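The values are calculated or read from the model by the stated rules, or taken from the named source; none is laboratory data. For clarity, every value in this text was computed on a predicted model and none was experimentally measured. Cβ sites come from the backbone with ideal geometry, for glycine too, and all protein chains shown count toward neighbours.
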Number of protein chains: 2
Amino acid sequence: MATRTRRPERRQEPLSREHIVGAAVELLDAVGEDGLTFRALAERLATGPGAIYWHVRGKTELLAAATDAVVAAAVTIEPAESAESADSPQDGIRAVALGLFDAIEEHPWLATQLATQLSRSPWGTVAPRIFESIGRQVCALGVPEESWFTATSALMHYILGAAGQNAANTASAGTARPDVDRAVVLDAVSAAWEGLDPDDYPFTRAVAKQVRGHDDREQFLAGIALILAGITAIHSLTT
Amino acid sequence: MATRTRRPERRQEPLSREHIVGAAVELLDAVGEDGLTFRALAERLATGPGAIYWHVRGKTELLAAATDAVVAAAVTIEPAESAESADSPQDGIRAVALGLFDAIEEHPWLATQLATQLSRSPWGTVAPRIFESIGRQVCALGVPEESWFTATSALMHYILGAAGQNAANTASAGTARPDVDRAVVLDAVSAAWEGLDPDDYPFTRAVAKQVRGHDDREQFLAGIALILAGITAIHSLTT
DNA sequence: GGTCACTCTGGAACGCCGTTCCAGCAGCCG
DNA sequence: CGGCTGCTGGAACGGCGTTCCAGAGTGACC
């Protein structure tokens, strides 16, 4: 009875901060970072720009909130997959890393935002989320407590750095492009590197061929394996 | 070049692309990324906005050029310091890493730009520069050729990720602030982490105390040591 | 039930930005 | 000496983030 007379006369739900951030993420996914406009966002929410400012302080905060929302989702999927099935802490770390990796693939704007967010305020809400997820696994690895911070930081920084660069590979491929584009791009890069000045870039030229057929995800995991090997070696843990 | 002549009195300098990029870097250093405006840049160069467009395609290209210029300088200082004096490839890698680290400290806007640059077009001019500098040392380390790409990528990604986050520490400290601010900020971060939800953030809370007194540069090098240990361990090289 | 206050809305307006346009200047070539 | 070309710089345009404000909706209190 209480809610009976409340017809769906309202064109929409009350326009909460959650809705705004959700719409912002959709908009970012659809049209990219430059496409996220307060006017476009207002239109999508069937309102005016001014209304949004009642819930969000400005564009900076909006982007931060969108980033945080996506990261939170990416980092907390993990228990479903790895809590029971995955056994080793190494698998746990890989799960967290790939969660972020995939999130960036799905939301290409995330790479830039993550970097901006972390470099503008490195200790916001985003960093602790990632830090916590990785840190628990590092802890489970048997790393001594005084090295928790170092080991976890190293992993987090690698993940963020690698994911950031690898983003564009799929981002430039557009919404529904297969691996065809990717091969073309990689060929172009490889060719460009081979065309560099032999005096200035001997190493890069030598490696150019390896670029052509490499798999991003495999390469990403190889880097993590490298760091994990370093951690276990330095603290002489059992693999 | 290093002089502080802020007077745009010289009218007869032909306004080359070099001058524009140089002025852009100075402007970025002085007033930050948001302060780099075509109008402000034009005023500093004693010209109009239109003239700049004859030498530079747009703001994107201008930022890319500024980033490239600073990275190039940061990465090529290295031979002077390490070519003869430093002996081991490990030292060489540390030199390159610290060169970038310092460059980001000196140009706080570089962290965001580096990330943007690499994620927008990962194989522009910036990536090969860094890649080459690190790769030569990796090569000298004795890493087998088929792992050159993996090892170098891992190092580069860590360096970029770590440098990006650590940028804000000094960036927020302003132009000439000593370590006083830094201690305050670190205390605040540590306190904030300790105030997190014990159920959601047990690890982060446990590590909060380590944040308080840590040294960025030391931490940065510890991460590199971790990766180097991984590289030497996996390929069973002699330390 | 009427009034008030308070939350929330959304359209209009402001100032600044990146970018474009174009009239005009040098210097060179014929 | 007149046009052509490379280059300059001021004015103008469309669009952005943000602010302002009149007013709708809703609950509280007399």
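Annotations for the structure displayed:
- Count of region B:132-151 residues, restricted to those that are among the polar types (S, T, N, Q), more than 7 Å from every other protein chain (Cβ to nearest Cβ) and crowded, with 21+ Cβ neighbours inside 10 Å, is 2.
- Residue count for region A:6-35 satisfying the condition of being within 12 Å of DNA strand C (Cβ to nearest atom), farther than 18 Å from A:Tyr53 by Cβ and either within 14 Å of another protein chain (Cβ to nearest Cβ) or at pLDDT 75 or above (or both): 1.
- Residues that are free of Cβ contacts under 8 Å to residues at least 60 places away in the same chain and either closer than 18 Å to A:Gln137 by Cα or β-branched (Val, Ile, Thr) (or both), drawn from region A:206-221: A:Val207, A:Val211
- Residue match in region B:63-77 (condition: buried (at least 18 other Cβ atoms within 10 Å of the Cβ), out of contact with any strand residue (DSSP E or B) (no Cβ under 6 Å at 6 or more places or on another chain), within 28 Å of B:Trp123 (Cβ to Cβ) and at pLDDT below 95): yes
- Scanning region B:36-47 for residues that are more than 9 Å from DNA strand C (Cβ to nearest atom) and either at positive phi or part of a loop (DSSP other than H, G, I, E, B) (or both) turns up B:Leu45, B:Ala46, B:Thr47.
- Tally of residues being within 13 Å of DNA strand C (Cβ to nearest atom) and in a loop (DSSP other than H, G, I, E, B) across region A:48-57: 2
- Qualifying positions in region A:187-204 - surrounded by fewer than 18 Cβ atoms within 10 Å (Cβ to Cβ) and assigned to a helix (DSSP H, G or I): A:Asp187, A:Ala188, A:Ala191, A:Ala192, A:Glu194, A:Pro202
- For region B:32-68, the set of residues classified as of a type in the set (S, T, N, Q) and more than 9 Å from DNA strand D (Cβ to nearest atom) consists of B:Thr37, B:Thr60, B:Thr67, listed by residue number.
- For the residues B:Leu15, B:Leu36, B:Leu45, the requirement of being within 16 Å of B:Thr60 (Cβ to Cβ) and aliphatic (A, V, I, L, M) singles out B:Leu36.
- If you filter region B:205-220 down to residues that are more than 8 Å from chain A (Cβ to nearest Cβ) and surrounded by 17 or more Cβ atoms within 10 Å (Cβ to Cβ), you find that the one that is nearest to B:Ile134 (Cα to Cα) is B:Phe220.
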